[in-house]
Amino acid sequence: MNDQQSQAAIVRQSLKRRYRKERRFRAYGIVAIAIALTALVVLFTDIIGKGHTAFVKTTITMEVDVDGEMMYLDDASDERQMKNADFVEPLIQALMKQIPGATESDRSAVRGLINPYASNQLRDALEKNPDLLGTTQTMTFLSHTNVDVYVKHAGDDQYSIKLTEQQRRWVDQLVEQGVVQNSFNDVLFSRGDSRDPSRAGILGAIVGSLLTMVVTLLLSFPIGVAAAIYLEEFAPQNKLTDFIEVNINNLAAVPSIIFGLLGLAVFINLFGMPRSVPLVGGLVLTLMTLPTIIISSRAAIKSVPPSIREAAEGMGASKMQVVLHHVLPLALPGMLTGSIIGMAQALGETAPLLLIGMVAFIVDVPEGFLDSATVLPVQVFLWAGSPELAFIERASAAIMVLLAFLISMNALAIWMRKRLERRW
């Protein structure tokens, strides 16, 4: 009886130790998840806190006298006169009328409130409609970057306010009058890069990313699926196929910058293809994405039950018919999911694209696969390294847009897996 009690006590002590270990293990898991979520919240809070102001622009709305004498312009349809005309003076005079107490001696300070490219807007308006000459028009212009920073970040020590005390008082008065206003920054989504932060946009980077992804998808998906089908269904088991499989798995773990070096050596130096174009960028990302697509496609093919193949063969189908008519349609959802995840990974890559020249300063929005372009991750890299603090919020806004694309692609992959997945 004592032996049984002692054995029962030993069992109870063993169970208590095991339960304690299980509770500690669960606690460790909960702590790890909490740390990860905290880091994620801190990251998103920092990005959103710095980038949300980039979605707001500061504008100046005023009555502009389009005076020909003031601009030294008699005929707006004369191209020679238009080239030599002074389009800045009407803007300075219009803004001085809005500032109480501003005199001619304050011209330089007043000009410092107007965006350097505002004169181009007035010139373009005259080129489009020469009849505006001699009239008074209500026009809205982007403010100077220093004004934009002051209006959005006054009192924030992280941002250096470059306006003088006098200019700050003027801006405060103009804000009260409604001359200086904040509105949604459509420039961010309608223009390419610019040296002036207030005119810098991400449209060029978005289009460049889409063109690059199109090339990557058109090349990597059919090649990856074909390679997976051959290796899984047709390739004989020998040393050569074992060597290929090992190298595919190794390529999936190779740092992405290595693929950039390969693209630089092969596509640019050997084949002489142009730098900084979506076609070359897509080729490089195709090399990087192929191992991921091949591995995920092979896993999807393996998940198809052998009974499907046996039933098709029993009905007299050939090997090719079994694969194309039965195995491939059933494995396609898994292939698509893996491909979307691989594309999302490629969309966020920067290092391989830097090596093929997609770090260039590109103002124009690309219109084709051979036009000079940049992509969103590289645009973030360029802006984050700029000395202008106003570019920091643009970089954070571009990160938010990039994260939105990545989250959308991963959500699409999850939806497709849930929607098309079949349980056997």
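The values are calculated or read from the model by the stated rules, or taken from the named source; none is laboratory data. Computed from a predicted model, the values in this text were never measured in an experiment. So basically every Cβ, Gly included, is an ideal-geometry build from the backbone, and we count neighbours across all protein chains shown. Remember, those area values only see protein heavy atoms, side chains included, never the ligands or the DNA or RNA. Shrake-Rupley method; radii C 1.70, N 1.55, O 1.52, S 1.80 Å.
Structure data summary
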read-out	value
Residues that are in a helix (DSSP H, G or I) and either at pLDDT below 90 or not β-branched (Val, Ile, Thr) (or both), drawn from the stretch 223-236	GLY224, ALA226, ALA227, ALA228, TYR230, LEU231, GLU232, GLU233, PHE234
Failed criterion for PRO274 (all others in (1) open to solvent by 50 Å² or more (accessible area, probe 1.4 Å); (2) assigned to a helix (DSSP H, G or I); (3) of a type outside the set (S, T, N, Q) hold)	(2)
Matching residues in the stretch 341-350 - criterion: being surrounded by 20 or more Cβ atoms within 10 Å (Cβ to Cβ) and among the hydroxyl-bearing types (Ser, Thr, Tyr)	none
Boolean, THR135 is touching an Asp or Glu at 6+ places or on another chain (Cβ under 9 Å), hydroxyl-bearing (Ser, Thr, Tyr) and surrounded by fewer than 18 Cβ atoms within 10 Å (Cβ to Cβ)	yes
Residue check, LEU211 assigned to a helix (DSSP H, G or I), of a type outside the set (Asp, Glu), open to solvent by 20 Å² or more (accessible area, probe 1.4 Å) and touching a residue at least 12 places away in the same chain (Cβ under 8 Å)	yes
Test: residue in the stretch 320-340 that is among the aliphatic types (A, V, I, L, M), touching a residue at least 60 places away in the same chain (Cβ under 8 Å), open to solvent by less than 40 Å² (accessible area, probe 1.4 Å) and under 16 Å from THR216 (Cβ atoms)	yes
Only one of LEU382, LEU353 that is crowded, with 16+ Cβ neighbours inside 10 Å and in contact with a Pro (Cβ under 9 Å, 6 or more places away or on another chain)	LEU353
Condition broken by PHE189, with the remaining ones in (1) open to solvent by 10 Å² or more (accessible area, probe 1.4 Å); (2) of a type outside the set (Gly, Ala, Ser); (3) in contact (Cβ under 8 Å) with a residue 24 or more places away in the chain satisfied	(3)
Selection status of ALA317, aliphatic (A, V, I, L, M) and outside any loop (DSSP other than H, G, I, E, B)	no
Every pair of residues 6+ apart whose Cβ atoms lie under 7 Å, when the first sits in the stretch 268-282 and is touching a residue at least 12 places away in the same chain (Cβ under 8 Å) while the second is assigned to a helix (DSSP H, G or I) and of a type in the set (Gly, Ala, Ser)	PRO278/GLY208; VAL280/GLY263
First in the stretch 99-116 and closer than 16 Å to ASP196 by Cα, second anywhere and small (Gly, Ala, Ser), Cβ under 9 Å, 6 or more apart	LEU113/SER143; ILE114/SER143; ASN115/SER143; ASN115/SER198
Among the residues listed as SER194, SER220, SER198, the single one being among the hydroxyl-bearing types (Ser, Thr, Tyr), touching a residue at least 24 places away in the same chain (Cβ under 8 Å), within 25 Å of PRO352 (Cα to Cα) and part of a helix (DSSP H, G or I)	SER220
Only one of LEU203, LEU217 that is open to solvent by 30 Å² or more (accessible area, probe 1.4 Å), in contact with a helix residue (DSSP H, G or I) (Cβ under 8 Å, 6 or more places away or on another chain), within 13 Å of GLN379 (Cα to Cα) and not small (Gly, Ala, Ser)	LEU203
Helices (runs of 4 or more DSSP H) enclosed by the stretch 1-118 - at least 1 residues per element that are closer than 27 Å to TYR159 by Cβ, open to solvent by 60 Å² or more (accessible area, probe 1.4 Å) and at pLDDT 90 or above	2-51, 107-111
Residue list for the stretch 140-159, restricted to those being more than 27 Å from the chain's Cα centre (by Cα) and open to solvent by 70 Å² or more (accessible area, probe 1.4 Å)	GLY155, ASP157
Considering residues of the stretch 237-257 that are in a helix (DSSP H, G or I) and in contact (Cβ under 8 Å) with a residue 60 or more places away in the chain only, the residue surrounded by the fewest Cβ atoms within 10 Å (Cβ to Cβ)	ILE257
Set ARG417, ARG394: member being among the basic types (Lys, Arg), open to solvent by less than 50 Å² (accessible area, probe 1.4 Å) and outside any loop (DSSP other than H, G, I, E, B)	ARG394
Where a residue in the stretch 383-402 is among the β-branched types (Val, Ile, Thr) and its partner, wherever it lies, is at pLDDT 90 or above, with Cβ under 6 Å and at least six apart	ILE399/VAL380
Where a residue in the stretch 63-76 is farther than 24 Å from VAL179 by Cα and its partner, wherever it lies, is in a loop (DSSP other than H, G, I, E, B), with Cβ under 7 Å and at least six apart	GLY68/ASP74; GLY68/LEU133; GLY68/GLY134; TYR72/ALA85; TYR72/ASP86; LEU73/ALA85; LEU73/LEU133; ALA76/LEU133
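Residues checked against (1) within 21 Å of ASN146 (Cα to Cα); (2) in contact with a Ser or Thr (Cβ under 9 Å, 6 or more places away or on another chain):
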site	(1), (2)
LEU91	yes, yes
GLN98	yes, no
ASN115	yes, yes
ARG123	no, no
LYS128	no, no
GLY134	no, no
